[in-house]
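S.K.: Mind looking over this structure? Questions follow.
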Amino acid sequence: MDELLQIKEEALSKIDSCTTLKDLNDLRVFYLGKKGPMQAAMKSMKNMPKDQRATFGQVSNKVKQDITKAIEDKKVQLEEEAIINKIKNETIDIALPSQQLPVGTIHPLTMVKEQLEDLFVGMGYTVAEGPEVETDHFNFELMNIPKDHPARDMQDTFYIDENLLMRTHTSPVQAHVLLAAKGEGPIKVICPGKTYRRDDDDATHSHQFSQCEGLVIGKNITMADLTGTLELFAKKMFGEKREIRLRPSYFPFTEPSVEVDISCFNCDGKGCAMCKGTGWIEVLGAGMVNPRVLEMCGFDSEEYQGFAFGIGLERVAMLKYGIDNIRDFYSDDLRFLNQFARKD
Ligand code: FA5
């Protein structure tokens, strides 16, 4: 009996001073397992006089229960402590100064592209996409520029093979959109995207640049609709006071074709270095869609007319933000890019 009580006391004291769940488990295995002191004491029971056996049994059961309970209580206590410690260590000190993570900025070309998308989507246009690797058929033939046509020289081309090329303008998307419409108008799309030409790189030209195509097809579309649309574009992109001027030009896919100038926002049309003293800055090409293009793309040109325009995105961004070298767009120079921090 004394031995039992001694075991109990020793066990309870060890359990009490135990600090980890692992040590506690070791104590459980030791005191309640088959090779422990309790089991050894129980073995001596068979040599006891019968009348003592029952009492011994009861006491040993009670000792076992007490040790088991003490272990369970301690387990709950240690688990709670572990959770409290974990929470303590995870506490966020909101008074600590925050880490300044570098935040990227939006690229000026993306900015202009998004501004154009906002403007035209607001006027009911949808945004179309086309492949940058294009077939000769779409880039030239369907744009009314057959092989050996002198207009091919207007756009020096990166050919991949005889029939595949890097698109020289976003105009082939017109053909994709028209063909998909299967002769049924109306159509109102813009298509911003990358374009490629074998131009020598200089301050205003790059072998890879971006354009935004616009195409509107309907039953009573006139040059006045084109003029009104471009006027709105000029005012929204460059300021309410801007005016536009159309000069006759030539594109095989539009007839008539125009070159569009915007009154210089730097000098208000008086003449300065930016507009080379003329008061006007050229920003895009446009015109009424050539009936031949409509016919080749499955539209009845007696029934449908439309206009198209092609805006040089770098040109717009350069004018709007006073950038004087087109290479700045592609140089990844953070001093340049950081000037266009997101304001939203
Ligand atoms: C065209 O590419 C016609 N597809 C535009 C068009 C569309 C006319 C629909 C009528 C109807 P152009 O070759 O002029 O036109 O190019 C249009 C604009 O792209 C130019 O005004 C210029 O801003 C820009 N651009 C042309 N070549 C380069 C270049 N190498 N680097 C940077 N921008 C260029």
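The values are calculated or read from the model by the stated rules, or taken from the named source; none is laboratory data. The structure presented is a predicted model; accordingly, all values stated were derived computationally and were not measured. As a convention, Cβ positions derive from the backbone with ideal geometry for all residues, glycine included, and neighbour counts pool all protein chains shown. In case anyone asks, the SASA skips ligands and DNA or RNA and just uses the protein heavy atoms, side chains included. Shrake-Rupley method; radii C 1.70, N 1.55, O 1.52, S 1.80 Å.
S.K.: So who's got an amide H within less than 5 Å of the one on Phe251, skipping anything under 5 residues away but keeping other chains? H placed 1.01 Å off N, in plane.
M.R.: Under 5 Å from the amide H of Phe251 lie the amide H atoms of Ser257, each far enough along the sequence or on another chain.
S.K.: Of the residues Glu303, Glu129, Glu80, which exhibits the maximal mean-square fluctuation in a Gaussian network model of the chain defined by a 10 Å Cα contact cut-off?
M.R.: Glu80
S.K.: Write down the accessible area per residue of the chain in Å², having rolled a 1.4 Å probe over the full set of protein chains.
M.R.: Working: 19790 Å² over 344 residues.
Dividing the accessible area of the chain by its residue count gives 58 Å².
S.K.: Work out how much length Lys86 to Glu114 would gain on full extension: take 0.36 nm times their residue separation and subtract the Cα-Cα distance, in nm to one decimal.
M.R.: Stretched fully, the Lys86-Glu114 segment lengthens by 5.4 nm.
S.K.: Hey, which of these cross-link pairs are over 24 Å Cα-Cα: Lys182/Lys236; Lys194/Lys219; Lys113/Lys270; Lys35/Lys69?
M.R.: Lys182/Lys236; Lys194/Lys219; Lys113/Lys270
S.K.: Moving to a separate point now. In debye, nearest 20, what is the charge dipole magnitude of the chain about its Cα centre with +1 on Lys and Arg Cβ and -1 on Asp and Glu Cβ, if you could check?
M.R.: 2280
S.K.: So what is the calculated 222 nm ellipticity per residue for the chain, using -39500 (n - 2.57) for each DSSP H run with n of 4 or more, over all residues, to the nearest 500 deg cm²/dmol?
M.R.: Numbers: 11 runs with 140 residues, N = 344.
-13000 deg cm²/dmol, from helical runs alone.
S.K.: Quote the charge dipole size of the range 226-344 about the Cα centre in Debye, to the nearest 20; the model charges only the Cβ of Lys and Arg (+1) and of Asp and Glu (-1).
M.R.: I would put it at about 640 debye.
S.K.: Enumerate the calculated ³J(HN,Hα) couplings along the range 154-163 in order (Karplus 6.51 cos²θ - 1.76 cosθ + 1.60, θ = phi - 60°), each rounded to whole Hz, writing x wherever the residue is Gly or Pro.
M.R.: 5, 10, 5, 10, 8, 8, 8, 8, 4, 10
S.K.: Can you figure out the FRET efficiency of Asp200 with Lys320, using R₀ = 25 Å and their beta-carbon distance, to the nearest 0.05?
M.R.: Between Asp200 and Lys320 the formula returns 0.50.
S.K.: On to the next question. In whole Å, how far is the Cα centre of the range 97-121 from that of the range 194-230?
M.R.: Answer, in whole Å: 23.
S.K.: Spin-label point model (7 Å from Cα, Cβ direction): what's the Asp333 to Met154 distance in nm?
M.R.: 3.4
S.K.: Further question on the same structure: Report in % the part of the accessible area of the range 1-145 that belongs to carbon and sulfur, leaving out ligands and nucleic acids; probe 1.4 Å. Intermediate values should be presented prior to the final figure.
M.R.: Values: 5440 of 9850 Å².
Accessible surface attributable to carbon and sulfur in the range 1-145 totals 55 percent.
S.K.: Whole angstrom only: what separates the Cα centroid of the range 1-61 from the Cα centroid of the range 269-324?
M.R.: 96
S.K.: Going by average Cβ density within 10 Å per residue, which order do the peptides 24-31, 97-104 take, highest to lowest?
M.R.: 24-31, 97-104
S.K.: Does anyone have the angle between helix 21-32 and the longest principal axis of the chain? Alpha-carbon axes, 0 to 90°, nearest 10?
M.R.: With both axes taken from Cα atoms, the answer is about 30 degrees.
S.K.: With θ set to phi - 60° and the Karplus curve 6.51 cos²θ - 1.76 cosθ + 1.60, what are the ³J(HN,Hα) couplings of the range 40-50 in order, to the nearest whole Hz, using x for Gly and Pro?
M.R.: Result, ordered by residue: 4, 5, 5, 4, 5, 4, 5, 8, 7, x, 3 Hz.
S.K.: Please give the contour-minus-distance gain from Ile94 to Lys276: 0.36 nm per residue of separation, less the Cα-Cα distance, rounded to one decimal in nm. List each step's numbers first, then the result.
M.R.: Working: separation 182, 0.36 × 182 = 65.52 nm, distance 5.68 nm.
Between Ile94 and Lys276, full extension yields 59.8 nm more.
S.K.: Here is a further query. Karplus couplings for the range 186-196 from phi (6.51 cos²θ - 1.76 cosθ + 1.60, θ = phi - 60°), rounded to Hz, Gly and Pro as x?
M.R.: Karplus-based 3J(HN,Hα) across the range 186-196 equals x, 10, 9, 9, 10, 9, x, x, 7, 9, 9 Hz.
S.K.: Follow-up. Would you be so kind as to identify which of Gly287, Gln174, Ile323 lies farthest towards the positive end of the dipole of the chain, taking Lys and Arg as +1 and Asp and Glu as -1 on Cβ and the Cα centre as origin?
M.R.: Ile323
S.K.: Would you mind classifying the range 183-278 by shape? Square roots of the alpha carbon gyration tensor eigenvalues, ordered a ≥ b ≥ c; an a/c under 1.5 is rounded, otherwise it is prolate if a/b is larger than b/c and oblate if not.
M.R.: The shape class here is oblate.
S.K.: 7 Å from Cα along Cα→Cβ at both Glu303 and Lys182: what's the point-to-point distance in nm?
M.R.: So the label points at Glu303 and Lys182 sit 1.3 nm apart.
S.K.: May I pose another question? Tell me, what is the FRET efficiency for Glu231 and Glu162 to the nearest 0.05, using R0 = 56 angstrom and their Cβ-Cβ distance as r? Walk me through the intermediate numbers first.
M.R.: Numbers: r = 43 Å, r/R0 = 0.76.
Given R0 = 56 Å and the Cβ-Cβ separation, E is 0.85.
S.K.: Could the peptides 214-227, 275-288 be put in order, highest first, of the mean number of other beta-carbon atoms found within 10 Å of their residues? Please list the in-between numbers first.
M.R.: Details: 214-227: 17.1, 275-288: 18.9.
Descending mean neighbour count gives 275-288, 214-227.
S.K.: In addition: Roughly to the nearest percent, how much of the accessible area of the range 188-317 is carbon and sulfur, given a 1.4 Å probe? Could the numbers behind the result be given before it?
M.R.: Numbers: 2730 of 5670 Å².
Carbon plus sulfur share of accessible area: 48 percent.
S.K.: Would you please give the FRET efficiency between Lys46 and Ser17, computed as 1/(1 + (r/R0)^6) with r the Cβ-Cβ distance and R0 = 45 Å, to the nearest 0.05? Intermediate values should be presented prior to the final figure.
M.R.: Details: r = 34 Å, r/R0 = 0.76.
The value I calculate is 0.85.
S.K.: Now a separate question. What length, rounded to one decimal in nm, is gained on full extension from His207 through to Glu243, with 0.36 nm per residue of separation minus their alpha-carbon distance?
M.R.: 9.9 nm
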